[in-house]
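Following: one structure in structure tokens, then a few remarks.
The values are calculated or read from the model by the stated rules, or taken from the named source; none is laboratory data. Being a predicted model, the structure only gives us computed values, none of them experimental. Glycine gets a Cβ as well: all are built from the backbone with ideal geometry, and neighbour counts include every protein chain shown.
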Amino acid sequence: MTVGVDFAARADQLRARLADEGLPPALLVVDLACVRWLTGLSSSNAAVVLLPDAVVLVTDGRYAATARGLQSHVDVRIDRRLFRVAVDALVEAGAASFVVDPQALSVSDLEQVRGLTHGCRIVFSQGQIEDLRGHKDAHEVELLTRACETSTAALGELLPEIAVGMTEIAVARRLEQLFGELGAQDRAFPSIVASGPNSAIPHHEPTNRMIAVGDVLKVDFGAQVDGYHADCTRTFIVGAAPTDRQRAVHEAVCDAAALARQALRVGIEVAELDAIARGVLADAGLEQHFTHGLGHGIGLQIHESPLLSKANAGTICDGAVVTIEPGVYLPGEFGVRIEDTCHVTTDATTILTNFPRELARIG
């Protein structure tokens, strides 16, 4: 059980959200991150039924002891047949209809659910839990802060160890080892360590390439603490002073990131934020090499709503935790990305990944 979280209050928030939208007061939840947010259970096999006066959690025997230790408002049922038991709970409660997120179910799962409803009507709707998850509470911010502080502390310990001749894989695995030594439960995602021309690949997978003198080294990394993820990227130069071109590109990316962080506030359109960073890179003649969105929400999942992109609608909500991560990628040469995880409230924007951003020489 996650200490310090009132999961019953979260269930009440969700019930109020369903009522506000005129939706049925019953909901089948199968997304595992949403299950965890509602109950505190971390598992690979679970579903939740939200009813007007109950929260029914279905999982299998592997998680029985943990599930039975959850807060007392959760009605735990141990059975591997998740959909059968979950839909039976809806029928037993007399629900005439229930809400399902169509994106959370495969076609075969949906057909299975339909075959179990006994006339109980399925209403398709989505986004209710995700929107509530976007407003991080104090406990979530504490865990995200710890994840970010652990991540940057690990990077600080790693940098003196990096040397010419080390492989990308060796650097990535050592960084992840440091996460564990500093108290993290896991990595937030497979660490990206990209050297030389590989740094021009936005989501490069580390290889046995040995880091060479004069390489740009891009490190995109994050630790996970009690289910909450950190995300940070820094770019370095190895064993030599940077060239004028390397320095100019890095400066443009730094400026784009800084201006976007300064503009980040409650209520700003996500497309406007993206445009602010993109405009800085356009002025430097580099916009065409910024090939992804500006950032994303982060929490129990590494990528959550909102997506900060010129193609997306929506605004930054009070309590949001998002990344700001402009990048420039020059195929065959090098790439630069600067990324920070940021907590946004009506009072202030707090950078959770405090670590120097200059193009430092290491190795």
Under the condition of being touching a helix residue (DSSP H, G or I) at 6+ places or on another chain (Cβ under 6 Å) and in a strand (DSSP E or B), which residue from the range 54-76 is surrounded by the fewest Cβ atoms within 10 Å (Cβ to Cβ)? V76
Looking at the structure I just gave you, is V322 among the aliphatic types (A, V, I, L, M), within 23 Å of S195 (Cα to Cα), in the same structural domain as L259 (by TED's automatic domain parsing) and not in a loop (DSSP other than H, G, I, E, B)? no
With respect to A154, is the statement that it is surrounded by fewer than 14 Cβ atoms within 10 Å (Cβ to Cβ), touching a strand residue (DSSP E or B) at 6+ places or on another chain (Cβ under 8 Å) and farther than 21 Å from V35 by Cβ true? no
In this structure, does G183 turn out to be under 27 Å from V280 (Cβ atoms), among the small types (G, A, S) and part of a loop (DSSP other than H, G, I, E, B)? no
When the range 262-282 is checked residue by residue, the ones that are outside any loop (DSSP other than H, G, I, E, B) and among the basic types (K, R) are R278
Residue by residue through the range 240-261, note down the ones that are aliphatic (A, V, I, L, M) and either assigned to a loop (DSSP other than H, G, I, E, B) or on the phi > 0 side of the Ramachandran plot (or both). A240, A241
May I ask you to verify whether A8 is of a type outside the set (K, R), surrounded by fewer than 16 Cβ atoms within 10 Å (Cβ to Cβ), touching a strand residue (DSSP E or B) at 6+ places or on another chain (Cβ under 7 Å) and more than 21 Å from E92 (Cα to Cα)? no
If I filter the range 115-151 down to residues being polar (S, T, N, Q) and modelled with pLDDT of 95 or more, which single residue comes out as surrounded by the most Cβ atoms within 10 Å (Cβ to Cβ)? S151
Determine whether the range 163-171 contains at least one residue that is aliphatic (A, V, I, L, M), part of a helix (DSSP H, G or I), in contact with a Phe, Trp or Tyr (Cβ under 7 Å, 6 or more places away or on another chain) and assigned by TED's automatic domain parsing to the domain that holds I302. no
I need the full set of residues from the range 300-333 which are crowded, with 17+ Cβ neighbours inside 10 Å and over 17 Å from the mean Cα position of the chain (by Cα), in order please. G327, V328, Y329, L330
If we ask which residues in the range 178-218 are within 20 Å of C148 (Cβ to Cβ) and either hydroxyl-bearing (S, T, Y) or outside the structural domain of R247 (by TED's automatic domain parsing) (or both), their number turns out to be 1
Of the residues in the range 304-319, those that are small (G, A, S), in a loop (DSSP other than H, G, I, E, B) and closer than 19 Å to L144 by Cα come to G319
Could you check, for the range 101-108, whether at least one of its residues is outside any helix (DSSP H, G or I), within 30 Å of the chain's Cα centre (by Cα) and either crowded, with 16+ Cβ neighbours inside 10 Å or not assigned by TED's automatic domain parsing to the domain that holds L32 (or both)? yes
Of all residues in the range 325-363, which are farther than 30 Å from A138 by Cα, assigned to a loop (DSSP other than H, G, I, E, B) and not acidic (D, E)? P331, G332, L359, A360, G363
Count of residues meeting criterion [among the small types (G, A, S) and touching a Phe, Trp or Tyr at 6+ places or on another chain (Cβ under 9 Å)] in the range 15-61: 7
Taking F179 as the residue in question, decide whether it is in contact (Cβ under 8 Å) with a residue 40 or more places away in the chain, touching a Leu at 6+ places or on another chain (Cβ under 7 Å) and buried (at least 23 other Cβ atoms within 10 Å of the Cβ). no
Could you list, in sequence order, the residues of the range 334-354 that are surrounded by fewer than 16 Cβ atoms within 10 Å (Cβ to Cβ) and in contact with a helix residue (DSSP H, G or I) (Cβ under 8 Å, 6 or more places away or on another chain)? I351, N354
Taking the range 205-255 as the search range and keeping residues that are of a type in the set (K, R) and buried (at least 23 other Cβ atoms within 10 Å of the Cβ), which one is nearest to the chain's Cα centre (by Cα)? R234
Taking the criterion of being in the same structural domain as Q126 (by TED's automatic domain parsing), within 16 Å of L300 (Cβ to Cβ), assigned to a loop (DSSP other than H, G, I, E, B) and touching a residue at least 40 places away in the same chain (Cβ under 8 Å), would at least one residue in the range 31-53 satisfy it? yes
